[in-house]
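First comes the structure, then the notes that go with it.
Computed from the coordinates by the stated procedures, all read-outs in this text should not be read as laboratory data. All values derive from a computational prediction rather than experimental measurement. Ideal geometry is used to build each Cβ from the backbone, glycine not excepted, and the neighbour counts take in all protein chains shown.
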Amino acid sequence: MLQRVHDGKTRTILVAGGAGFVGSHLCDALLLRGDRVICVDSFLTGSRTNVRPLENHPRFRLIEEDVCRLSDIDEPVHQIYNLACAASPPFYQADPVHTMMTCVTGTGNLLALAERHKASFLLASTSEVYGDPEEHPQREDYRGNVSCTGPRACYDEGKRAAEALCFDMLRAGRADARVVRIFNTYGPRMQPNDGRIISNLLVQALSGNPLTIYGSGEQTRSFCFVTDLVEGLMALMDIDPNPGVPVNLGNPGEFTINELATMIRAIVPSSSEIVFRPLPQDDPLRRRPDIGRAKDLLGWEPKVPLSQGLQQTADYFASVLARPDLRKAP
Ligand code: NAD
Ligand code: UDP
């Protein structure tokens, strides 16, 4: 196992997409550790509510900006996390050209920033780079089965291009770039109207509306709780030396969507019926991470079982639904 480095000095860390679901938890964890945090976010899918508790924190700075337009930062930066990108299929497909540009131009701008500031850089890539996988579970050396012309391409191919940029900058010695491939992650601060499966089913059950299952519900996903993911992101950013390879982060527990719906109905007792809707185009049939590399390199593995994480997320959505002022306008 490689060694983690943290010398105890206050560092300035830029989190692009820091007002989003995962990004806001990362900002919390970095501030808690004693770092200074600059959050750059356009509020495309993120929310001011997510970072409002941090706005008066002496080590927190918020910059409202699109990473496609970001040129420089007027203070030294030591690490850059790039989480800026809509992650939910309905949202990243709403303006697919902007999604692709966010992945490519946005990542390019942030890598240029990393080069100028000699900052380490971490890209939040995705299991979507494996597309509809023909190998199962997915290891990092699997090259994927992605459509470059379908409706998910703006995201899948955008992230693949962003990964290529990272490894080119790394090989050229221009940036200390690292790449995490994140598998489906859930938890408090997802938007109730986010469109992803766990937020949809929990909000539907809590509201007494029908639970929507796309296709037969026999497709699988593996769900990681957000605090586990954030620990993994920080571990890869802080490891020295940079391992120079992409690392899967996710929970290997694999569930069909039907199994997930059954668990959610047990956690949120409701009279909601299940309704089946057409499966979206190019929807992957199954997905499960092989996390052997994360275990070996980082000593990381997820700790929060799905039932426990779902309960915490259900409690969060119950509080949001009770207070409509906390909801982001669609
Ligand atoms: P999210 O939509 O909640 O967060 C994304 C954040 O980026 C939002 O705050 C949004 O406003 C901001 N953003 C989007 N485009 C931007 C732009 N051009 N300029 C500046 N800010 C911009 O999504 P999330 O679930 O928190 O995902 C965070 C990152 O992790 C994303 O890059 C996503 O691709 C990646 N990821 C997430 C998951 C998951 O299951 N949550 C899985 C795989 C990968
Ligand atoms: N899904 C579903 N009902 C919903 C939302 C999603 O059945 O209300 C399905 C979706 O088709 C996919 C799985 O749940 O098979 C996970 O979808 P999500 O959008 O959360 O993530 P992704 O497809 O990006 O893994």
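Protection proxy ranking for 126-137, 262-273, 103-114, using the average of other Cβ atoms within 10 Å per residue and placing the highest first: 103-114, 126-137, 262-273.
Considering Cα pairs under 8 angstrom that are at least six residues apart, work out the relative contact order of segment 108-265 and quote it in whole percent. Dividing the mean separation by the residue count of segment 108-265 yields 26 percent. Enclosing the Cα atoms of the chain in their convex hull gives a volume equal to 123 cubic angstrom per residue. Sorting 276-285, 162-171 by average packing, meaning the other beta carbons within 10 Å per residue, from highest down gives 162-171, 276-285.
Each residue of segment 225-283 gets 126 Å³ once the volume of the Cα convex hull is shared out per residue. Calculated from the alpha-carbon coordinates, segment 1-105 shows an Rg and a Dmax of 14.3, 43 Å respectively.
Relative to the 2.2 N^0.38 Å rule of thumb, segment 193-330 has a C-alpha radius of gyration ratio of 1.18.
Residues CYS148, CYS224, ranked from the fewest to the most other C-beta atoms within 10 Å, line up as CYS148, CYS224.
Counting lysine pairs in the chain that sit 8 or more residues apart in sequence, or on different chains, and whose Cα atoms lie under 28 Å apart gives 8. In terms of packing, defined here as the mean over residues of other Cβ atoms within 10 angstrom, the peptides 46-54, 287-295 line up highest first as 287-295, 46-54.
Taken along its three principal axes, the alpha carbon spread of segment 50-176 comes to 48, 35, 26 Å, from the longest extent down to the shortest.
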